[in-house]
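Read the structure below first, then the notes.
The values are calculated or read from the model by the stated rules, or taken from the named source; none is laboratory data. Remember, it's a predicted structure, so these values are computed and weren't measured experimentally. Glycine gets a Cβ as well: all are built from the backbone with ideal geometry, and neighbour counts include every protein chain shown.
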Amino acid sequence: MSKLDSKEPIKVGVLGFGGLGQAAARVLYGKKQMKFVATADLHGYLYQKEGIDAELAIKAHRERGTIGHLGKLSTDSIKELIQIADVDGYFMALPNLPNTFISDVVDLFQALGWRGVLVDALKRTSALELMLLKQESLQKAGITYLSGCGATPGLLTAVATIAAQSYSEVHQVEITFGVGIANWESYRATIREDIGHLAGYNIEQARTMSDQEVEALLESTNGILKLENMEHADDLMLERLGICSRDQVKVGGVVDTRNAKKPLSTNVKVTGRTFEGKISTHTFILGDETSMAANVCGPAFGYLKSGIALQQRQIYGVFTAAEVMPQFVS
Ligand code: NAD
């Protein structure tokens, strides 16, 4: 019987136990088809094959600063966890700082001879390019890898792919996101990576900024980050499918780091010409009540489930969120 038909839940690990990692743990808590068994942060890891209690783990992390106190303290947590844990698939909720970080973690999985499904929610085009270079080695390693499976890229890129089907020719894909978070410390990597997109900054500067420097920058903007023409992998993902060229894809948005309410409604607009010669725009708007965490972690696990189905058919290598339909985890 295949894993998806079996009554046994898929054993899932979450690498990174920050903003998204903890939200991912909460998302999994409500699922029958997946069981959260493993996680790691910078200072330690936790593996419980019977399943991790998300709220207990979050409380322990909040009180003691690392999940390691509940599991094991380690300076090489990801490596040690991969070696000991029986996991079908991992969601990597890790900072991609530097821009090669997640790529290096994937190399580690391969070097350790691990087999299974890996899902990332990376953002930059250059980061996805690095993953695509691993096509052959991941195929050989027996790893099914789904890349760019968050909200953007991810959910909204998949929506754009579906919307494009009405047209003979796609002229523009415009993604505009609104993110509201109560404080920047809850999503440190996300905010640093966003700062790396601002005029006058790059990803390396954003990585090395002290917390005080980040706070001073946010103070000067009243907590708001306005992002335009971002280097987002949605462009490469859509270009690879022949939907449009990468310069026809625009991504930008507004992040409010002091207010959980979204500053604007996240949407994707897909403009094109139908076979009858009509120019039109499809618009897909996310519900304002849905948080960034819901729109990243939901798709990540939907894609992880699709990855398990591919893995069972011995289909390995790299896929993007625009190439594969996410399943739904009940
Ligand atoms: P965060 O800073 O809140 O948490 C990062 C976690 O990773 C922490 O637990 C930290 O301890 C851990 N970590 C860091 N280095 C580690 C190491 N060497 N070994 C083990 N653990 C390590 O991050 P976040 O804000 O939750 O963001 C996570 C990722 O999600 C970022 O890369 C961000 O860009 C991405 N993201 C994607 C989307 C999307 O739509 N595609 C949206 C938001 C965030």
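Some points to look at:
- Candidate set: segment 89-103, residues that are over 12 Å from Gly148 (Cα atoms) and in contact with a Gly (Cβ under 6 Å, 6 or more places away or on another chain); chosen: the one nearest to the ligand (Cβ to nearest atom): Leu94
For (1) under 21 Å from the mean Cα position of the chain (by Cα); (2) closer than 24 Å to Arg258 by Cα, each residue gets a yes or a no:
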position: Ser166; (1), (2): no, no
position: Glu193; (1), (2): yes, yes
position: Ser220; (1), (2): no, yes
position: Leu238; (1), (2): yes, no
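- When Gln165, Gln172 are checked against the criterion of being closer than 30 Å to Thr274 by Cβ, outside any helix (DSSP H, G or I) and away from the ligand (no atom under 16 Å from the Cβ), Gln172 stands alone in meeting it.
- Residues located in segment 1-53, provided they are outside any strand (DSSP E or B), among the aromatic types (Phe, Trp, Tyr) and buried (at least 20 other Cβ atoms within 10 Å of the Cβ): Phe17
- Of everything in segment 226-243 that is touching a Pro at 6+ places or on another chain (Cβ under 9 Å) and not in a helix (DSSP H, G or I), the residue that is nearest to Phe319 (Cα to Cα) is Ala233.
- Failed criterion for Tyr145 (all others in (1) assigned to a helix (DSSP H, G or I); (2) out of contact with any Ser or Thr (no Cβ under 9 Å at 6 or more places or on another chain); (3) at pLDDT 95 or above hold): (1)
- Cβ-Cβ under 7 Å pairs, at least 6 apart or on other chains, segment 183-195 side more than 8 Å from the ligand (Cβ to nearest atom), far side of a type in the set (Phe, Trp, Tyr): Ile195/Tyr201
- Every pair of residues 6+ apart whose Cβ atoms lie under 6 Å, when the first sits in segment 154-175 and is surrounded by 20 or more Cβ atoms within 10 Å (Cβ to Cβ) while the second is hydroxyl-bearing (Ser, Thr, Tyr): Tyr167/Thr274; Ile175/Thr152
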